[in-house]
Amino acid sequence: AQSVTQLGSHVSVSEGALVLLRCNYSSSVPPYLFWYVQYPNQGLQLLLKYTSAATLVKGINGFEAEFKKSETSFHLTKPSAHMSDAAEYFCAVSVSQGFQKLVFGTGTRLLVSP
Amino acid sequence: EPEVTQTPSHQVTQMGQEVILRCVPISNHLYFYWYRQILGQKVEFLVSFYNNEISEKSEIFDDQFSVERPDGSNFTLKIRSTKLEDSAMYFCASSREGAYNEQFFGPGTRLTVL
């Protein structure tokens, strides 16, 4: 069965600093990987997805993630944090391009200080 | 931009009562899902639905849960006899065919069981 592990339940950065949120996956077959963001009292919004086309994936709001098979990782980065990036970030995995459940990690809360 | 909508945004009920959570998926999507998120925990898959049938369900989705697509637009989750531990945020999601399992989430319904 597939799973994801997000290291760090909380990450704190200063505005303008690099954001790095870690995600490692486990899957017996090539995975599809996703990052979702959840702002307070809101639903889940897709940031970006990896579907095997390219290992470096660019998403919305300046975020990107790199798929590294050798490290089974899909870390999320952003060069310069904004206050508006403060939210909960979830990594998720699926093992089919079709119709299948997403398996989520436990989430990482990003705190951005002025 | 099309979006998934959910009603109500917050539902308070007494233990043992039946509740129905409603979702309107994106109109051209064919696959539908329910997830839940207990406060402070990760998002968990409940059930997936396609072609008027349940495709997959988790061990959480026991006999007290049911789903239905009563018409061409709504997708409902019914909990027959609510328990305290059913208190959670319930998310509906939908995806279209051939979209690498990119799921669009609604804003959620917060269910509080007293």
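Taking every lysine pair in the protein assembly as shown that is 8 or more places apart or spans two chains, those with Cα atoms closer than 25 Å amount to 28.
Find how much the distance from A:SER28 to A:ALA54 grows on full extension, using 0.36 nm per residue of separation minus their present alpha carbon separation; answer in nm with one decimal. The A:SER28-A:ALA54 span can extend by a further 7.4 nm.
Among the residues of region B:79-114, which ones have their accessible area go down by 50 Å² or more when all the protein chains sit together, as opposed to their chain alone (1.4 Å probe)? Going by heavy-atom accessible area, the residues of region B:79-114 that drop by at least 50 Å² are B:TYR100, B:ASN101, B:GLU102, B:PHE105.
Each part reduced to its alpha carbon centroid, region A:52-114 and region B:32-61 end up 21 Å apart. In this simple spin-label model, placing a label point 7 Å from the Cα along the Cα-to-Cβ direction at both B:ILE60 and B:VAL24 gives a separation of 2.6 nm. How about region B:51-114: which GluC sites (Glu not before Pro) there are in a DSSP loop, with at most 11 other Cβ atoms within 10 Å of their Cβ? When the GluC sites (Glu not before Pro) of region B:51-114 are filtered for loop state and at most 11 Cβ neighbours within 10 Å, B:GLU59, B:GLU97 remain. Overall, region A:21-114 carries a charge dipole of about 120 debye about its Cα centre when +1 sits on the Cβ of Lys and Arg and -1 on the Cβ of Asp and Glu, all other atoms neutral. The value of relative contact order for chain A, using C-alpha pairs under 8 Å at least six residues apart, is 38 percent.
Comparing B:ASP86, B:ASP71, B:ASP62 in a Gaussian network model of chain B, where Cα atoms under 10 Å apart are tied by springs, the biggest mean-square fluctuation is seen for B:ASP71.
Shown are B:GLU3, A:GLU64, whose ranking by accessible area with a 1.4 Å probe and every protein chain present, most to least, is B:GLU3, A:GLU64.
Would you work out the relative contact order for chain B, in percent, from Cα pairs under 8 angstrom that are 6 or more residues apart? Display every interim value, and only then the final one.
Values: 275 pairs, mean separation 43.3, N = 114.
About 38 percent, as a whole number.
Interface between chains B and A: roughly 1900 Å² of accessible area buried, both sides summed (probe 1.4 Å, protein heavy atoms only). In this simple spin-label approximation, A:LEU20 and B:MET15 carry label points 7 Å from Cα along the Cα→Cβ vector, and these lie 4.7 nm apart.
Grab the Cα-Cα distance for A:LEU111 and A:SER70, subtract it from 0.36 nm times how many residues apart they are, and report the gain in nm with one decimal.
11.8 nm
Here chain B is treated as an ellipsoid with the same Cα gyration tensor; its semi-axes, largest first and in whole Å, are 23, 14, 13. A simple count of charges around A:ASN24, restricted to other residues whose Cβ falls under 11 Å of its Cβ and scoring Lys, Arg +1 and Asp, Glu -1, yields +1. GNM on chain A, C-alpha springs below 10 Å: top fluctuator among A:LEU33, A:LEU20, A:LEU56? Maximum fluctuation in the GNM of chain A, among the listed residues, is at A:LEU56. Charge tally around B:PHE104: other residues with Cβ under 13 Å, Lys/Arg +1 each, Asp/Glu -1 each, net -1. For the protein assembly as shown, the Kirkwood estimate of the hydrodynamic radius, built from every pair of different alpha carbons, is 18.1 Å. Inter-chain neighbour count for B:53-63: the average number of beta-carbon atoms from partner chains within 10 Å of each residue's beta-carbon is 1. A cut-off under 9 angstrom between Cβ atoms defines the neighbours of B:PHE45, and their net charge, with Lys, Arg +1 and Asp, Glu -1, is +1. Per residue, the convex hull spanned by the Cα atoms of chain A measures out at 97 cubic angstrom. Since only A:SER3, B:GLY106, A:CYS23 are under comparison, the one whose Cα sits farthest along the positive direction of the charge dipole of the protein assembly as shown, derived from C-beta charges on Lys, Arg, Asp and Glu, is A:CYS23. GNM remark for chain B: springs join alpha carbons under 10 Å apart, and the peak mean-square fluctuation among B:LEU30, B:LEU77, B:LEU21 falls on B:LEU30. Accessible surface of A:LYS68, taken over heavy atoms with a 1.4 Å probe and every protein chain present, rounds to 80 Å².
The values are calculated or read from the model by the stated rules, or taken from the named source; none is laboratory data. Nothing here was measured: the structure is a model prediction, and the numbers come from that model. Using ideal geometry, Cβ is built from the backbone for each residue, glycine included, and neighbour counts are taken over all protein chains shown. Each accessible area value is taken on the protein alone, full model and side chains, heavy atoms only, with ligands, DNA and RNA left out. Shrake-Rupley method; radii C 1.70, N 1.55, O 1.52, S 1.80 Å.
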